[in-house]
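Structure first, then comments.
The values are calculated or read from the model by the stated rules, or taken from the named source; none is laboratory data. The structure displayed is predicted, hence computed values, not measured ones. With ideal geometry, Cβ positions are generated from the backbone for all residues, glycine too; neighbour counts draw on all protein chains shown.
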Amino acid sequence: MPQQITVASSCPHFYRKLFQSTFLISAFTVGGGFVIIPLLRAKYVEEYGWLTDKDTLNLVSIAQSMPGVVAVNASIILGYRMAGLRGTLTALAATILPPLITLSIISCAYDWFASNPYVRYALKGMQCGATALIVNVAIDLLQKQLRKKLLFPLAIIAATFTANFIFGINLMLLILIDGILGLLFLRGSQYGK
């Protein structure tokens, strides 16, 4: 279970802020689970200072390794870390509501949405924006690793990219291998910090 930090007591309108920010993040997580990383980072690391970059990456890594939707898993962990069960329920409700509202509206007029070229263009544009956000976060995280000049994590990054991009090895298998490598070789070392 992740370590709980209590931000709720230090912020007078914490639950409202948590609900609003998580609701917005959920509403704009278009293009898959990885899009949540830059959005979480922008809101909870840079704007609110509730998490560190490392906390965010750990949160998303755990959320990805569990069954289910990454955004929902991440909100459960985030809410718990911030304010226990009450924070979990707040973040979970805020994460589930945007897709529930959107899908309810779309299901009423599915044929119109499916055949509307303007909707397709808008979704294509959103996918391009989501891709740019993911690339931006990847470059930022790579630069941080380069500044640390830690060779083993850089080797893992390069090997994983090469194995997936060039050789087409399954990403889940690579993440499992990376986790095993981290457990075996980064535990208790300067790399694990």
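Name the residue, out of Ile175, Ile105, Ile139, Ile157, that is over 17 Å from Thr29 (Cα atoms), modelled with pLDDT under 90, out of contact with any helix residue (DSSP H, G or I) (no Cβ under 7 Å at 6 or more places or on another chain) and surrounded by 13 or more Cβ atoms within 10 Å (Cβ to Cβ). Result: Ile175 is the single residue among Ile175, Ile105, Ile139, Ile157 that is over 17 Å from Thr29 (Cα atoms), modelled with pLDDT under 90, out of contact with any helix residue (DSSP H, G or I) (no Cβ under 7 Å at 6 or more places or on another chain) and surrounded by 13 or more Cβ atoms within 10 Å (Cβ to Cβ). Do we find that Lys149 is among the basic types (Lys, Arg), within 23 Å of the chain's Cα centre (by Cα) and either farther than 17 Å from Val60 by Cα or modelled with pLDDT of 85 or more (or both) in this structure? Considered against the rule, which asks whether it is among the basic types (Lys, Arg), within 23 Å of the chain's Cα centre (by Cα) and either farther than 17 Å from Val60 by Cα or modelled with pLDDT of 85 or more (or both), Lys149 comes out as no.
Return yes when Ser115 is among the small types (Gly, Ala, Ser), more than 30 Å from Leu174 (Cα to Cα) and assigned by TED's automatic domain parsing to the domain that holds Phe14 and no when it is not. For Ser115, the condition - among the small types (Gly, Ala, Ser), more than 30 Å from Leu174 (Cα to Cα) and assigned by TED's automatic domain parsing to the domain that holds Phe14 - is met. Scanning the range 64-84 for residues being under 18 Å from Leu18 (Cβ atoms) and surrounded by 16 or more Cβ atoms within 10 Å (Cβ to Cβ) gives a total of 13.
Residue-wise test of (1) free of Cβ contacts under 8 Å to residues at least 60 places away in the same chain; (2) closer than 26 Å to Asp53 by Cα.
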| position | (1), (2) |
| --- | --- |
| Ser104 | yes, no |
| Ser107 | yes, no |
| Ser115 | yes, no |
| Gln127 | no, yes |
| Leu151 | yes, yes |
| Phe161 | yes, yes |
| Leu183 | yes, yes |
